[in-house]
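Below is one structure, written out as structure tokens; the observations come after it.
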Amino acid sequence: MATTPEWLGLKVELQGLKSHEFNGAVGVVEAFDAQSSRYCIRLNSGQQFKLKEANLAQVRSERIRPIPVN
């Protein structure tokens, strides 16, 4: 991941955390904290974390078929 603004809003999954209960949780990159060199993540549950890039995996978005309109 880069520290540039185009990564804001990227959906990520948490991985490799010492707090194992958060591994696999999904959230969104809201900002990059240059001072701590960590990404600010808001989980779907509303919890917030500042994490290293090594603890993030990009969630691939699936293509959704449009619903047919009759």
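General observations
- None of G16, G9 is at pLDDT 90 or above and not aromatic (F, W, Y) except G16.
- Taking the stretch 36-63 as the range and being modelled with pLDDT under 90 and surrounded by fewer than 11 Cβ atoms within 10 Å (Cβ to Cβ) as the test, the residues that pass are N44, R60, S61, E62, R63.
The values are calculated or read from the model by the stated rules, or taken from the named source; none is laboratory data. Since this is a predicted model, take the numbers as computed values, not measurements. Quick reminder, even Gly has a Cβ in these numbers, built from the backbone with ideal geometry, and neighbours come from all protein chains shown.
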